[in-house]
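Enquirer: This is the structure I have questions about; it appears just below.
The values are calculated or read from the model by the stated rules, or taken from the named source; none is laboratory data. Worth saying up front: this structure is predicted, and the values here are computed from it rather than measured. Note that each Cβ is placed from the backbone with ideal geometry, even for glycine, and that neighbours are counted across all protein chains shown.
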Amino acid sequence: MERKNKIGISFDASYFAQIFIHTSGAYLSKPISKTNNKYLANLRTIPPDEKFKQLVLELEKVTSESEKEKIISELKSIVEIDKTVESVPLSFKDTVEDLKGYIVFEPTSAVEHYDLSLLDFISYNFDVFNDYLLFFINFFDYFIDKLDDIDIKNIELDTLYPVNEIIEIAKKYYDKEKGNLIYYQSLFKKCINFVYSIDNPFDMKYLTHKQIFFLYNQLYQNTFAEFKQDFHSTDLLDYQYNDFPIRKELIGPEDINFLISTIEKIDPTGRKLNSLQQFETTNLFTSFYITLFNVVAVNKMHIKICGNCGRYFITHKETVTYCDRITKDNMTCKDIGNKEYQKRKKENDTTYDKYRKIGSRKQLRAKRNPEITMYQKDLEEYRKTGKQKYKDVCSGKISNEEFAKWVDEQDK
């Protein structure tokens, strides 16, 4: 493969959507045809069939299109080509070393909404080899400049490689790159944990995420210094509507009244007009910084750590505890979390009943003694703390024993 590592990224805040263009690998369970049989023609490992082997060798030497089509037809008669099989990206639910199919590297244009590549990156546990393999395949851009001359020449775009062959190449760079990846990961984690109050002891509830991000960059000025200039913009300095009903080339000065009424109809508040930010870079981490820079500006979005899988995710609801990633059991973390919530809630019913009875006594005492403000204050604090503790025990943040101990301490 040629050492060309160009990453394109654009972010549309009005739709909270990002287009991420980069080189990544996808998985196929078996050889398939795609666009003029490109995958089949580039198949490097062949079934244990001498006829198939001979045809593949002939295919490599063929010069005319007619001969190529003839050989491919013969190959199809030997190998079952399933056109319903698609190349699919690998996710956290996949154990790469258990896969028996093929990896194909190709330019990928991913439309990201909540499933941002940045959050996948900071969610990898690089002490676990499988997570490293997922990163190697899904973010191959990083390794284009890291592979030695032999390995980079052995990998071509749109070519099928047996999974075990890719694993062997990836394994060669694990010890060397693991520390670097953990370091870059920590840069983004520390900032995100600070901005979204995941690990931040300071009370900044009256600041926006954008303001907290600004604050972080003032406190730690060199954190992202190497990424801030490692890109160029491909923007046109222009505003646009994503769904404007009239083609630009058909508009003339005589259409002004029609345009005015159209704009008033589709965008009465003026909030849909936007300028799409488009950037190019050769640095994967610069692309992640561009994502972070844009995301913090959308204050209604929150980054959290999933209560089930422990990985980062984004949500527009601050109260959400679990992500929508699919687990190995084909359930989402949210499904598992809801089941566990109901289970814990049922287990906690006895303690919760006691909590309510104590609350009733405190309420009665405050009602009978309105002149003693301490009783009313005690009731309000009990309700506030108890509500949060019950929520925490149901979501698994604290144990039932901790909740029960706290309730017992209030029984006075």
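Enquirer: If you go through region 357-400 one residue at a time, how many are closer than 27 Å to residue 319 by Cα, hydrophobic (A, V, I, L, M, F, W, C) and surrounded by fewer than 12 Cβ atoms within 10 Å (Cβ to Cβ)?
Expert: Result for region 357-400: 0.
Enquirer: Kindly provide the set of residues from region 328-351 that are more than 20 Å from residue 91 (Cα to Cα), assigned to a helix (DSSP H, G or I) and either out of contact with any helix residue (DSSP H, G or I) (no Cβ under 9 Å at 6 or more places or on another chain) or modelled with pLDDT under 75 (or both), ordered by number.
Expert: 338, 339, 340, 341, 342, 343, 344, 345, 346, 347, 349
Enquirer: OK, next. So is residue 263 more than 30 Å from residue 145 (Cβ to Cβ), outside the structural domain of residue 18 (by TED's automatic domain parsing) and over 36 Å from the mean Cα position of the chain (by Cα) or not?
Expert: Details: more than 30 Å from residue 145 (Cβ to Cβ): yes; outside the structural domain of residue 18 (by TED's automatic domain parsing): yes; over 36 Å from the mean Cα position of the chain (by Cα): no.
No: the conditions fail for residue 263.
Enquirer: Considering every residue within region 401-409, establish whether at least one is surrounded by fewer than 18 Cβ atoms within 10 Å (Cβ to Cβ) and among the hydrophobic types (A, V, I, L, M, F, W, C).
Expert: Yes.
Enquirer: While we're on this one: Does region 254-277 contain any residue that is more than 30 Å from residue 239 (Cβ to Cβ), hydrophobic (A, V, I, L, M, F, W, C) and outside any loop (DSSP other than H, G, I, E, B)?
Expert: No: zero hits.
Enquirer: Right, something else. Have a look at 49, 12, 98 and point out the one that is of a type in the set (Asp, Glu) and modelled with pLDDT of 85 or more.
Expert: 98
Enquirer: Here's another thing I want to ask about it. Regarding residue 159, is this residue of a type in the set (S, T, N, Q) and either within 30 Å of residue 103 (Cα to Cα) or in contact (Cβ under 8 Å) with a residue 40 or more places away in the chain (or both)?
Expert: Considered against the rule, which asks whether it is of a type in the set (S, T, N, Q) and either within 30 Å of residue 103 (Cα to Cα) or in contact (Cβ under 8 Å) with a residue 40 or more places away in the chain (or both), residue 159 comes out as yes.
Enquirer: In the set 153, 172, 176, 146, which member is over 27 Å from residue 224 (Cβ atoms) and without any contact (Cβ under 8 Å) to a residue 60 or more places away in the chain?
Expert: 172
Enquirer: Moving to a separate point now. How about region 279-309: which of its residues are small (Gly, Ala, Ser) and buried (at least 21 other Cβ atoms within 10 Å of the Cβ)?
Expert: 287
Enquirer: Is it true that some residue in region 169-177 is in contact with a strand residue (DSSP E or B) (Cβ under 7 Å, 6 or more places away or on another chain) and either at pLDDT 95 or above or on the phi > 0 side of the Ramachandran plot (or both)? Write out each step before concluding.
Expert: Step one: filter region 169-177 for residues in contact with a strand residue (DSSP E or B) (Cβ under 7 Å, 6 or more places away or on another chain), giving none.
No, because not a single residue in region 169-177 is in contact with a strand residue (DSSP E or B) (Cβ under 7 Å, 6 or more places away or on another chain) and either at pLDDT 95 or above or on the phi > 0 side of the Ramachandran plot (or both).
Enquirer: Could you tell me which residue of region 193-208 is surrounded by the fewest Cβ atoms within 10 Å (Cβ to Cβ), considering only residues that are touching a Phe, Trp or Tyr at 6+ places or on another chain (Cβ under 7 Å) and in a helix (DSSP H, G or I)? Don't jump to the end; show me each part of the working.
Expert: Let us first name the residues in region 193-208 that are touching a Phe, Trp or Tyr at 6+ places or on another chain (Cβ under 7 Å), namely 194-195, 200.
Applying the additional criterion that residues be in a helix (DSSP H, G or I) yields 194-195.
On the way: 194: 19, 195: 25.
This residue is 194.
Enquirer: Can you give me the number of residues within region 89-135 that are closer than 20 Å to residue 158 by Cα, in contact with a strand residue (DSSP E or B) (Cβ under 9 Å, 6 or more places away or on another chain) and assigned to a helix (DSSP H, G or I)?
Expert: Number satisfying all stated conditions: 1.
Enquirer: Taking the condition of being without any contact (Cβ under 8 Å) to a residue 60 or more places away in the chain, assigned to a helix (DSSP H, G or I) and either under 24 Å from the mean Cα position of the chain (by Cα) or closer than 23 Å to residue 7 by Cβ (or both), how many residues in region 209-239 meet it?
Expert: Total satisfying the criteria: 4.
Enquirer: For the list (1) at pLDDT 85 or above; (2) assigned to a loop (DSSP other than H, G, I, E, B), I need the number of the one condition that residue 359 fails.
Expert: Here residue 359 clears every test but (2).
Enquirer: Quick check on region 135-143. Is at least one of its residues touching a helix residue (DSSP H, G or I) at 6+ places or on another chain (Cβ under 8 Å), assigned by TED's automatic domain parsing to the domain that holds residue 11, farther than 26 Å from residue 30 by Cβ and not aromatic (Phe, Trp, Tyr)?
Expert: Scanning region 135-143, I find at least one residue that is touching a helix residue (DSSP H, G or I) at 6+ places or on another chain (Cβ under 8 Å), assigned by TED's automatic domain parsing to the domain that holds residue 11, farther than 26 Å from residue 30 by Cβ and not aromatic (Phe, Trp, Tyr), so the answer is yes.
Enquirer: Could you identify the single residue in 165, 156 that is in a loop (DSSP other than H, G, I, E, B) and out of contact with any Asp or Glu (no Cβ under 8 Å at 6 or more places or on another chain)? Even if it seems obvious, please write down each step before you answer.
Expert: On the way: 165 fails: in a loop (DSSP other than H, G, I, E, B).
Result of the check over 165, 156: 156.
Enquirer: Tell me, yes or no, whether region 239-251 has at least one residue that is among the hydroxyl-bearing types (Ser, Thr, Tyr), touching a Ser or Thr at 6+ places or on another chain (Cβ under 6 Å) and either surrounded by 12 or more Cβ atoms within 10 Å (Cβ to Cβ) or modelled with pLDDT of 95 or more (or both).
Expert: No.
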